[in-house]
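First up is the structure itself, then whatever we jot down about it.
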């Protein structure tokens with residue numbers, strides 16, 4: 001026993017001696033990256049060219065299926081949108097099964113099946129795998145494109161595009177793509193209501209017949225199946241898919257701008273600017289630069305990267321600033337983006353340029369390099385827990401021409417990236433010398449400052465574009481105001497336009513009901529205003545009041561989630577100013593701000609108070625917009641409200657669409673009823 005104790009002490013002594021000899025002033029060398037053992041798919045190819053990959057994974061009783069048609073992108077010209085329409089019509093009924101019957105069976109099986117113009121996806125419990133695979137093949141290869149479904153989906157997509165006409169982020173993204181790739185490139189052309197109207201049911205059928213073929217198609221099946229079972233079912237359901245005659249088409253050449261420049265899309269309704277620094281790149285996954293590029297982009301524009309820390313954490317210009325470096329085998333781009341307040345648009349552009357310039361010309365720190373690698377290591381390891389990931393990796397290896405061990409050696413390649421690699425690829429792919437700084441924002445407030453931005457000793461040129469990506473002349477932001485135009489004359493024209501002073505003064509109370517939809521949820525709004533300065537607003541969802549604000553002409557309160565708070569002095573002042581349904585009857589304190597463009601038309605801007613500006617169409621006299629400046633969380637923002645679709649009620653015209661924007665989110669209320677001088681009592685303004 002004594003010998004045993006002495007032996008233990010000797011071991012402990014040696015152990016502590018070894019620890020004592022470690023030089024803690026030096027960071028330990030990282031160990032070798034673990035080798036990832038991925039399940040390799042068993043493969044076979046049907047006579048029609050469909051390549052099939054099957055990965056057995058029996059951990060869970062589930063199966064995932066991915067059908068990918070890997071055709072090169074094609075231009076659609078004046079029928080842009082035909083691919084999207086085709087994808088939307090797939091799954092809306094087959095030659096064997098009606099749409100409702102098809103969807104009911106999928107729901108009954110607890111499965112998911114989705115169809116796209118480029119393939120299909122499905123997932124199910126393994127015991128239903130044979131039937132779900134059969135349904136997926138039926139929906140993909142036996143579609144029934146009916147006139148009824150075509151008309152319905154086409155109209156829905158047209159209405160969706162029309163509703164995005166004023167959406168700043170939507171238009172900014174499309175114009176950025178058009179300028180980066182060119183309108184004649186598949187990635188640069190975009191769908192319009194007009195191009196959708198050009199598409200016929202026959203065009204959809206022709207697109208399907210031409211491009212929905214197995215020539216470049218892959219089917220990956222991963223989950224609780226056996227190879228023999230899956231192969232037999234695939235041969236049964238997919239062998240009749242007829243091969244097409246795809247003719248290769250050369251894509252237009254993509255080029256960057258000749259020199260760094262600012263491209264401005266004037267969006268008069270914008271309350272914040274959409275900024276994107278963009279240049280196209282030639283980067284693919286099978287190239288040596290791929291892993292250094294991943295790390296460089298993470299350091300610059302990943303979550304918690306330099307752009308985020310600078311523009312959000314340090315300067316407070318935005319809620320987030322990020323970058324993305326694409327690796328599309330046909331055409332890709334580097335894009336750094338942020339949504340910023342109008343008044344800091346120029347400062348934000350300078351911050352972007354400085355950060356990109358620095359990572360191109362100065363080495364990143366060892367800690368930044370390590371943090372970026374750890375980020376990707378963590379995400380990669382987590383992704384391996386999803387069976388669908390294996391299917392995606394298998395498809396990647398085939399479609400991206402990757403080596404068989406690409407994902408097995410992923411971590412080794414990532415950890416091999418050096419500080420020198422990061423700087424090299426930053427110079428190569430963050431092409432600041434030929435970048436476009438595409439900005440969508442309110443030109444009247446940001447253009448002058450943008451035209452004064454200089455970088456590396458040169459003033460950056462500013463060119464102007466419309467929402468179709470066409471270069472246009474600079475808008476006239478300094479239109480001269482006729483000296484005879486006053487707040488009184490503008491208000492008089494407005495009152496006359498909505499029905500005349502006599503009819504307006506006869507309105508003692510207004511009770512309005514409206515509805516809106518937010519992320520699929522129906523919202524109800526009830527608003528009451530009286531000529532005595534009383535007001536009430538109730539927002540409901542599913543018949544339950546979510547919030548209520550009441551002002552009795554003297555005091556007010558708000559109730560939200562059962563919690564009541566009394567109006568403070570500032571809220572009371574605001575309620576007094578906003579309670580009257582027709583503030584234009586009183587011109588006290590109103591001042592003309594000038595002429596601005598609102599939705600493509602000139603409008604007079606009038607300051608109703610220190611924080612509220614209203615805009616009146618110069619031609620019709622109708623109020624088309626109001627902007628209110630509010631402070632929240634230490635930041636100041638402008639909340640715009642749009643008015644449209646004026647209709648007459650009891651001799652007075654009211655807007656029947658009211659839209660309100662909060663950053664990128666826009667809510668549009670549709671008025672369902674307006675009651676004049678009825679349906680209002682004192683009880684509406686009590687607790």
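Show me the helices (runs of 4 or more DSSP H) found entirely inside the range 129-233 where at least 2 residues are more than 20 Å from residue 88 (Cα to Cα). Helices (runs of 4 or more DSSP H) meeting the threshold: 129-141, 168-181. Restricting attention to the range 595-607, the residues that are in a strand (DSSP E or B), in contact (Cβ under 8 Å) with a residue 60 or more places away in the chain and under 23 Å from residue 168 (Cα atoms) add up to 6. The criterion of at least 3 residues that are touching a strand residue (DSSP E or B) at 6+ places or on another chain (Cβ under 8 Å) is met by the following helices (runs of 4 or more DSSP H) wholly inside the range 382-445: 387-399.
Residue 462 meets all of the listed conditions (1) modelled with pLDDT under 95; (2) over 30 Å from residue 366 (Cα atoms) but one, namely (1).
Is it true that some residue in the range 232-239 is touching a strand residue (DSSP E or B) at 6+ places or on another chain (Cβ under 8 Å), at pLDDT 95 or above and surrounded by 14 or more Cβ atoms within 10 Å (Cβ to Cβ)? Taking every residue of the range 232-239 in turn, at least one turns out to be touching a strand residue (DSSP E or B) at 6+ places or on another chain (Cβ under 8 Å), at pLDDT 95 or above and surrounded by 14 or more Cβ atoms within 10 Å (Cβ to Cβ). Every condition in (1) over 19 Å from residue 138 (Cβ atoms); (2) surrounded by 14 or more Cβ atoms within 10 Å (Cβ to Cβ); (3) at pLDDT 95 or above; (4) out of contact with any helix residue (DSSP H, G or I) (no Cβ under 8 Å at 6 or more places or on another chain) is met by residue 218 except one, and the failing one is (4). All conditions in (1) on the phi > 0 side of the Ramachandran plot; (2) free of Cβ contacts under 8 Å to residues at least 24 places away in the same chain hold for residue 381, with the sole exception of (1).
Residues that are part of a strand (DSSP E or B) and exposed (fewer than 15 other Cβ atoms within 10 Å of the Cβ) within the range 671-687 comprise 672, 673, listed in sequence order.
The values are calculated or read from the model by the stated rules, or taken from the named source; none is laboratory data. What you see is a predicted model, and the numbers here were worked out from it, not measured in a lab. Using ideal geometry, Cβ is built from the backbone for each residue, glycine included, and neighbour counts are taken over all protein chains shown.
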